[in-house]
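Working notes, beginning with the structure itself.
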């Protein structure tokens, strides 16, 4: 779910996942999927939670793309929200980028740190 309203988007996505997966997985497995969806609210997994770290990094990897690919990725995200006023979109993107750059490190895994951190901060 993507309406540019966090955490409502992530909460809605977790509920969709729960509804779709409940008939096919155990309750424990469904809870784990939902937990991993919800980590994308903060992108800040607890130390040692490698599953959540990988999901957070996967969700943020677009920040570490080449400039051209980053712009294409942002344009694709923007295209999903045609009704959002441009000023609101820019404010959201700016606030998100600022939050990420204020962190000691953007990516939670060593792979993310090595592969994308430098580009994300450039």
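The values are calculated or read from the model by the stated rules, or taken from the named source; none is laboratory data. If you're wondering where the values come from, they're calculated on a predicted model, not measured in any experiment. A quick note on method: Cβ atoms are made from the backbone with ideal geometry, for glycine too, and the neighbour counts reach across all protein chains shown.
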Filtering the range 100-114 down to residues that are within 17 Å of the chain's Cα centre (by Cα) and assigned to a helix (DSSP H, G or I) yields 100, 101, 102, 111, 112, 113
Conditions (1) surrounded by fewer than 14 Cβ atoms within 10 Å (Cβ to Cβ); (2) touching a helix residue (DSSP H, G or I) at 6+ places or on another chain (Cβ under 9 Å); (3) modelled with pLDDT of 95 or more -> residue 52 fails only (1)
Checked 102, 80 against criteria (loosely packed, with under 14 Cβ neighbours inside 10 Å and in contact (Cβ under 8 Å) with a residue 60 or more places away in the chain); the one match is 80
Within the range 44-57, is even one residue farther than 28 Å from residue 18 by Cβ and more than 14 Å from the chain's Cα centre (by Cα)? no
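Please specify each residue of the range 83-99 satisfying the condition of being outside any helix (DSSP H, G or I) and in contact (Cβ under 8 Å) with a residue 60 or more places away in the chain. Don't jump to the end; show me each part of the working.
Of the residues in the range 83-99, the ones outside any helix (DSSP H, G or I) are 83-85.
Residue satisfying the conditions is 84 alone.
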From the option list 46, 109, single residue qualifying as exposed (fewer than 15 other Cβ atoms within 10 Å of the Cβ), at pLDDT 95 or above and touching a helix residue (DSSP H, G or I) at 6+ places or on another chain (Cβ under 9 Å) is 46
The one condition residue 62 fails out of (1) surrounded by fewer than 14 Cβ atoms within 10 Å (Cβ to Cβ); (2) under 24 Å from residue 101 (Cβ atoms); (3) touching a helix residue (DSSP H, G or I) at 6+ places or on another chain (Cβ under 8 Å) is (1)
